[in-house]
Amino acid sequence: MNMDTNHSNWMQSNTEQILTFSLNNEEFGVNILMVNEIREWSNITTIPGIANYVKGVLHLRGNIVPIIDLREKFGLEPIPYGPTTVVILLNISSGEEQSVIGIVVDAVSDTHAVDNNEIREKPTVGGFIDVEYIEGLVEVDERLVLLLDVNKLLTEGQLNELKAAI
């Protein structure tokens with residue numbers, strides 16, 4: 001028996017962990033490996049002259065992190081931030097560059113192990129959000145969860161524009 005082959009099969013998992021959160025009474029999920037941390041909403045520094053969905057920036061361990069309100073990014077009606085409002089800090093890739101961005105969501109739900117075979121293709125037409133941001137769909141606890149492709153939330157041009165403004 002080849003131990004290397006056996007070991008590599010053990011390392012390849014058919015499941016992934018997702019963090020689910022709610023936005024406009026819909027459930028979304030992101031791969032837990034993309035999550036840097038979850039923070040309570042707190043005041044941030046606003047930057048004039050940038051897109052309305054960018055609420056500002058947060059100073060985090062020596063880095064300046066742009067904070068994006070997903071409701072506004074997706075064209076939804078803004079609501080006042082409440083006690084369940086959180087910022088999920090995500091590690092994203094744009095080209096060769098790695099960055100951290102924060103997304104403001106209504107509430108964090110839970111973490112779930114999802115079988116990759118149960119992830120369905122993304123829909124061809126979207127509801128209230130552009131399907132370009134969706135990686136797929138999966139059913140979790142009898143609820144349909146939209147899996148976000150966090151690397152597509154900001155284009156490389158938008159990310160560069162934000163960095164220039166900061």
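The values are calculated or read from the model by the stated rules, or taken from the named source; none is laboratory data. Remember, it's a predicted structure, so these values are computed and weren't measured experimentally. Positions of Cβ are generated from backbone atoms using ideal geometry, with glycine treated the same way; all protein chains shown enter the neighbour counts.
Laid out as a table, the results:
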| item | result |
| --- | --- |
| Contacts under 7 angstrom Cβ, first residue in the range 45-57 being surrounded by fewer than 20 Cβ atoms within 10 Å (Cβ to Cβ), partner modelled with pLDDT under 85, 6 or more apart | Ile47/Ala165; Ile47/Ile166; Gly49/Ala165; Ile50/Leu162; Ile50/Ala165 |
| Residue check for Val131: of a type in the set (Val, Ile, Thr), touching a strand residue (DSSP E or B) at 6+ places or on another chain (Cβ under 7 Å) and either exposed (fewer than 13 other Cβ atoms within 10 Å of the Cβ) or at negative phi (or both) | no |
| Where Ile50 falls short, out of the listed (1) β-branched (Val, Ile, Thr); (2) outside any loop (DSSP other than H, G, I, E, B); (3) more than 16 Å from Val30 (Cα to Cα) | (2) |
| Residue satisfying all of: in the range 1-24; assigned to a loop (DSSP other than H, G, I, E, B) and at pLDDT below 90; farthest from Glu135 (Cα to Cα) among these | Met1 |
| Candidate set from the range 26-43 (those that are modelled with pLDDT of 90 or more and more than 15 Å from the chain's Cα centre (by Cα)); member that is farthest from Gln158 (Cα to Cα) | Glu40 |
| Count of the range 124-136 residues which are more than 13 Å from Gly75 (Cα to Cα) and modelled with pLDDT under 70 | 2 |
| Any hit, the range 88-102, residues being in contact with a Phe, Trp or Tyr (Cβ under 8 Å, 6 or more places away or on another chain), of a type outside the set (A, V, I, L, M, F, W, C), touching a residue at least 12 places away in the same chain (Cβ under 8 Å) and on the phi > 0 side of the Ramachandran plot | no |
| Options Asp69, Asp106, Asp115, Asp110; residue that is of a type in the set (D, E, K, R) and over 30 Å from Thr45 (Cα atoms) | Asp115 |
| Neighbours by Cβ (under 8 Å, 6+ apart or cross-chain): first from the range 117-132, of a type outside the set (A, V, I, L, M); second modelled with pLDDT under 75 and surrounded by 11 or more Cβ atoms within 10 Å (Cβ to Cβ) | Lys122/Val131; Pro123/Val131; Thr124/Val131 |
